[in-house]
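What follows is one structure encoded as structure tokens, with my remarks underneath.
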Amino acid sequence: MKTRRRVVAAALVAMLMVTTVAGCSSKGSSGSATGEGSAEPYRIGAIVSLSGSYAGLGTPEQKAIEMEMKRINDAGGINGRQVEVIFEDDATDPAKAQAAVARLLEQENVIAVIGATGTSQTMALRDDIDRAGVPQVSMAGGSVITAEFDKNVFQTPWPNRIVVPFTLKALKDRGLVNVAVISDTGGYGKDGHDLILKDADTAGVKIVADETFNPGDTDMTAQLTKIKAASPDVVLMWNAGKEAAIVAKNIKQLGMSVPLVGSPGNGRREFIEGAGDAAEGFRFAAGKILVPEAYGEGTPAFEVAQKFIADYSFAYGVAPDIFAGHAFDAFLVVTDALKRVEGEATPASLRDAIEATDGLVGVGGTFAYSPEDHNGLTEEELVFYRVDGATWVLDK
Amino acid sequence: MSSSELLQFLISGLQNGAVYALVGLGFTLVYASTGIINFAQGEFFMLGGMLAVAGVRMGLPLPLSILAAVLLSAGVGVAMERFALRPRRDSGALVLIIITIGASMVLKSLARHIFGPNEMALPAFTPGPPVLLLGAAIDRQVLWIWGLTIVAVVGLTLLYTKTKLGRAMRASSLSHDAARLMGIDTAGVVMISFGLAAALGALGGAAVAPLTQTAFDVGARAGLKGFAAAILGGLGNPIAAVVGGLVLGVLESLSVAFISSTYKDAISLVLLLAVLFLRPQGLLGKSGREKV
Amino acid sequence: MRSRLAGTLVPAVGVILVLAMPFMTTDRYLFKVLTFVGLNLIVVAGLALLFGYAGQISLGHAAFFGIGAYTAGYLTGEAAVPWLVATLVAALLAALVGFVLSLPMLRLKGHYLAMATLGFSEIMTVLFIEARGITGGNDGLRGIPYPSLGSFKIDTPSGVYLLVWITAIVVLVLAANLVRTRPGRALRALHGAELGAQACGIDTGRLRVQVFALSAGLAGLAGALYASAVGFISPTTFSLEFSVLLVAMVVLGGTGSVTGPVVACVLLTLLPYVDALVPGLPREVVSFLQDWEADIAGIVMILVLLFAPGGVAGLLRRSPRVGEAE
């Protein structure tokens, strides 16, 4: 017993020594960090999913931001100051995203947060963002992000709120009225699912089956067998993760000839590679970045998108997908606002500048935020795509 | 529900069930020779798929890639046993189990560093339209999965009953000390068990990758299902692991058919717990052979 | 003589240091990180009792943590129940679930027991995702209020830190003392040899149920504190990985001891937050550590057990005990 007590004691002391020393010294360092004056770079936090179900989305996002950061810094920075982006990986986990934002806000003193990659992860940051009053620009497409309005939170993708009605209308136009829905239970999938059910009547389509799967599931033949039994005109899938390719393959595997339509979350090269033949004929609505000619050649949006595609392809050897585009836009929104801030940039003044964004041409559309609308995109930015010959073409 | 739909659900269940069985066999092999649960088993499933994809991307023909992936994974399994577990084989089972957990963390994370975070696709072994059976469709890859599972089971049974090595394995699973006294190289038996378990997991991972794609993080889920299969059937018996896997797969698929796709994992787990509570030794296990 | 002095002096100094932290630093992030350590300590104390003294392993304690977190989160956030009441209800509910679960589990041993707890944990994960009305589903539960007693609100990181650590210290002291009491000795007998313990007239079944419920309750308590400390909870936190990490802390710490697991818990929890402890660390080092965190943790786990099978406790004792686990 004596030894045990001594050991308890020794451990406690050792532990406390560590924490105390660390605590004291870290206090010292935070003092010095703010003391260097205006030569300090602008510090922006970015929370992306570099692992987990959305790893394939977060990775191009990080690449796009790194590329743009380098370009701006090489050109002398903003207002004579460099821009430093501090990346955090949330592992597609809302709880990790929340821990990451605490770190960015309290350890790194960032003036803005870009992120997160996913809808659930984006929403997880909200309490901390509000408490700190730091602006957040999300790269996720859930409607809830800007529909549950927050004065600090902005969004660059086309939210489900505009994509779902657009998609349903496109189905109706093509005579596909008996719709079977399959969605994942993640934040984005559920957001889309709920909107599909809500908007179906207005759009004049009928939901004949409604199945779900969990992020990480590897076989959906059972759900699709049920869908097959309902004989729909079309299967409408709503998710953004890697499971999309499995759904496409399973449909083929079951010998179903029904067309598959998806969400902007499926505008990824990995989906085409993963689904292989099964991806051919797959259709989805998204912004014009995948085929910038849709903007009309010579328009400002076309020029911005063309340049981004060229820069990204040069830097990384592959064309950007829509997620790289969302990240480009998020970084553009923040840096553009930084240029317009008068006087010293604080989180509050930066937030006001972001809200004042009007007519900013990004690759996903032209952004015009207002005190009521923190998404600033409309149905006008959307087109319908089809996968043809392992690439995206416009589906007229 | 028409009979062809029911058949389709069964096929879907047996497809997943066969994969669970291959992973579950690995758990059972290691358990039989060491009395521990190898938490890294799921990572060999991941390695099998990822290494096969890597081989194809390096330009190797598909069969060679798969063979290389299976052999390399077996090598990793043997190395893990030799360097991380054998030095501590006289410690308690839990110490060894935690070492395997550590190894699984390292394998998964290294795979992310080496192969990247994206999902990857492996070409189908024999491409072509699905085979039709009484109105239900069976993908050709599913036939491969079933075939490989049967080969694995038959191979293991032959190994156990017809070879000296197999008898040594069975002897040391009953009692290490007695086996050692009889001149059996128990250390060798354990090493071979780990190699075989890793190879079976890798085979499962490579066989299913054309259907589901693969990624650095597929191991945990595969491990969980395989573990459940092995427990459901009864630990330590290869046939039981296969039965456990197939039952689990079919249960999940029928839950989707008759109850709800959302609750399929929960339903199969509730049934699993019920089986455990009513028959702690598993469906086919004999009681009184507790190791821990 | 020296050891007795150290035995009383050192924990006292330790407790004073823990309590004095808020006067020594104002680093909010550090307090958040240390709060996580304190929360894990509460769970690990229960698991150490369960494993070290009753020889039971649970792969489901993240689920009890989750039950506590969702109960407290829902009660304080949606139902406006006073914080203290909600926290106690959360802990009791987790204990009750643990109690009910442990009854059929009495028949199980070894890996089957582990499988049962694992299965339970996975079922709870599905419920956390699907019971959207209470849990918010995959999106999680937001806006959980800070701890408060009447009008007194604990809404600073240092306040939450103190609350969690005082709870953790109380739990640890109780756990360490339980070891020395009659039930504690009975528990150890249970670990050593169940038949022997039964022969000595110990109701082993009842003890196993009690210690399981206690450890579940402690996990629930920690979960409740976590919910109000962090303000946001979502299903992924209460995953199998967390359960496994908790068990790893106990085994790495060394069996039959509370101290070892405490040290292992502190080290493993702090690993991803090195930058909170070592300020001024270059950015490249921090991101390298974050990127390779899982590799490092895994290798450390393997190495510690390879070279010190008795875990941290064994290292501290310098003479590894024989017959660990089993």
- Hey, in the GNM for chain B with a 10 angstrom Cα cutoff, which one of B:PHE227, B:PHE39, B:PHE258 fluctuates hardest? B:PHE258
- Query: Stretched out fully, how many nm does the piece from A:ASP194 to A:ALA75 gain, at 0.36 nm a residue minus the Cα gap?
  - Reply: 38.3 nm
- Would you tell me the mean number of C-beta atoms belonging to other protein chains that fall within 10 Å of each C-beta in B:215-224, as a whole number? 4
- Evaluate the Kirkwood expression for the hydrodynamic radius of the stretch B:15-107, namely the inverse of the mean inverse distance over all pairs of different C-alpha atoms, and round to one decimal in Å. 14.0
- Query: Using the Cα atoms as the points, what is the convex hull volume per residue of the stretch A:242-360 in Å³?
  - Reply: 141
- Selected from A:GLY175, A:VAL144, A:ALA275, residue furthest toward positive end of dipole (chain A; charges at beta carbon): A:ALA275
- Rounded to the nearest 20 Debye, what is the dipole magnitude of the protein assembly as shown about its Cα centre when Lys and Arg each give +1 and Asp and Glu each give -1 at the C-beta? 5040
- Share of pairwise Cα separations in the stretch C:82-147, more than 15 Å, in percent: 67
- Query: What share of all Cα pairs of the stretch A:357-396, in percent, falls into each consecutive 5 Å distance bin?
  - Reply: 6, 21, 21, 16, 12, 11, 8, 4, 1
- Expected sort for C:TRP292, A:TRP392, C:TRP83, A:TRP238 with the fewest Cβ neighbours (10 Å cutoff) up front is C:TRP292, C:TRP83, A:TRP392, A:TRP238
- Could you list B:MET191, C:MET249 in order of exposure, starting from the residue whose Cβ has the fewest other Cβ atoms within 10 Å? B:MET191, C:MET249
- Can you flag which of A:LYS96/A:LYS249; A:LYS190/B:LYS108; A:LYS198/A:LYS226; B:LYS164/C:LYS109 are past 25 Å Cα-Cα? A:LYS96/A:LYS249; A:LYS190/B:LYS108; B:LYS164/C:LYS109
- Message: Place a point 7 Å from the Cα of A:GLU293 along the Cα-to-Cβ direction; which residues of the stretch A:155-177 have their backbone N under 16 Å from it?
- Response: none
- Message: Quick one: 3J(HN,Hα) in Hz for the stretch C:205-219, Karplus 6.51/-1.76/1.60 with θ = phi - 60°, rounded, Gly and Pro as x.
- Response: x, 4, 4, 4, 5, 4, 6, 5, 4, 4, 5, 5, x, 5, 4
- Query: For the pair C:ARG107 and B:LYS164, what calculated FRET efficiency results from E = 1/(1 + (r/R0)^6), where r is the Cβ-Cβ distance and R0 = 41 Å, to the nearest 0.05?
  - Reply: 0.60
- Query: Using r as the Cβ-Cβ distance of A:GLN82 and C:LEU96, and R0 as 51 Å, what FRET efficiency do you calculate, to the nearest 0.05?
  - Reply: 0.35
- Message: Quick check: the angle from helix A:243-253's long axis to the longest principal axis of chain A, C-alpha only, nearest 10 degrees?
- Response: 20
- What translational diffusion coefficient, in µm²/s and rounded to a whole number, does the Stokes-Einstein relation yield for the stretch C:2-253 at 25 °C and a viscosity of 0.890 mPa s, taking the hydrodynamic radius as the Kirkwood radius over Cα pairs? 131
- Query: Over all pairs of distinct alpha carbons, what does the Kirkwood formula give as the hydrodynamic radius of the stretch A:161-286, in Å?
  - Reply: 14.0
- Note on the structure: Hydrodynamic calc, the stretch A:188-239: Kirkwood Rh from Cα pairs, then Stokes-Einstein at 10 °C with viscosity 1.306 mPa s, so D in µm² s⁻¹ is 132
- Item | Peptides B:230-240, B:22-32, B:179-189 ordered by average Cβ neighbours within 10 Å, highest first | B:22-32, B:230-240, B:179-189
- Message: Sorting check: for B:78-91, A:109-122, which peptide has the highest mean count of neighbouring beta carbons within 10 Å, and how do the rest follow?
- Response: A:109-122, B:78-91
- Task: Report Rg/Rh for the protein assembly as shown, rounded to two decimals, where Rg is the Cα radius of gyration and Rh the Kirkwood radius.
- Result: 0.96
- Listed residues C:ALA48, C:MET115, C:ALA91: farthest to the positive end of the dipole of the stretch C:1-153 (Cβ charges): C:ALA48
- Task: Go ahead and run the numbers for FRET between A:LYS396 and A:ASP277, Cβ-Cβ distance against an R0 of 22 Å, rounding to 0.05.
- Result: 0.40
- Which of the peptides A:376-388, C:303-315 is most tightly packed, and how do the rest follow, judged by the mean count of other Cβ atoms within 10 Å per residue? C:303-315, A:376-388
- Computed helical MRE - 222 nm, chain B, DSSP H runs ≥ 4 contributing -39500 (n - 2.57), nearest 500: -24500 deg cm²/dmol
- Message: I'd like the distance between the alpha-carbon centres of the stretch A:333-396 and the stretch B:90-157, rounded to an integer number of Å.
- Response: 43
- Query: Along the Cα-to-Cβ line of C:ARG132, 7 Å from the Cα, sits a label point; which residues in the stretch A:230-251 have backbone N less than 19 Å from it?
  - Reply: A:236-241
- Message: Quick check: convex hull of the Cα atoms in the stretch C:61-101, volume per residue, rounded to a whole Å³?
- Response: 51
- Note on the structure: For the stretch B:210-292, listing trypsin sites (Lys or Arg not before Pro) in a DSSP loop whose Cβ sees at most 14 other Cβ atoms within 10 Å gives B:LYS286, B:ARG289
- Message: Looking at chain B, I'd like the Rg to Rh ratio, where Rg is from alpha-carbon atoms and Rh is Kirkwood's inverse mean 1/r.
- Response: 0.97
- Hey, can you grab everything whose amide H is under 5 Å from the amide H of C:SER148? Only 5+ residues off in sequence or another chain; H modelled, so Pro and N-termini drop out. C:TRP83, C:LEU84, C:ILE154
- If you bin every alpha carbon distance in the stretch C:97-185 into 10 Å steps from zero, what whole percent lands in each bin? 13, 20, 33, 28, 6
- Mean ellipticity per residue at 222 nm, deg cm²/dmol - from DSSP H runs of n ≥ 4 across chain A, formula -39500 (n - 2.57): -15000 deg cm²/dmol
- What is the average number of partner chain Cβ atoms found within 10 Å of a Cβ in C:227-237? 6
- Message: If you consider only alpha-carbon coordinates, what radius of gyration and Dmax does chain A have, in Å?
- Response: 23.0, 83
- Item | Projected area, mean over directions - the stretch C:2-151, Cα convex hull, nm² | 12.4
- Item | Dipole magnitude of the stretch C:2-253, debye to nearest 20 (Cβ charges: Lys/Arg +1, Asp/Glu -1, about Cα centre) | 820
- How large is the Kirkwood hydrodynamic radius of the stretch B:111-246, in angstrom, based on all distinct alpha carbon pairs? 17.2
- The Cα extents of the stretch C:204-258 along the principal axes, largest first and rounded to whole Å, are 39, 25, 19
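Here, each number is a calculation from the coordinates, and none is a lab measurement. The structure presented is a predicted model; accordingly, all values stated were derived computationally and were not measured. In this analysis, Cβ positions are derived from the backbone assuming ideal geometry, glycine residues included, and neighbour counts consider all displayed protein chains.
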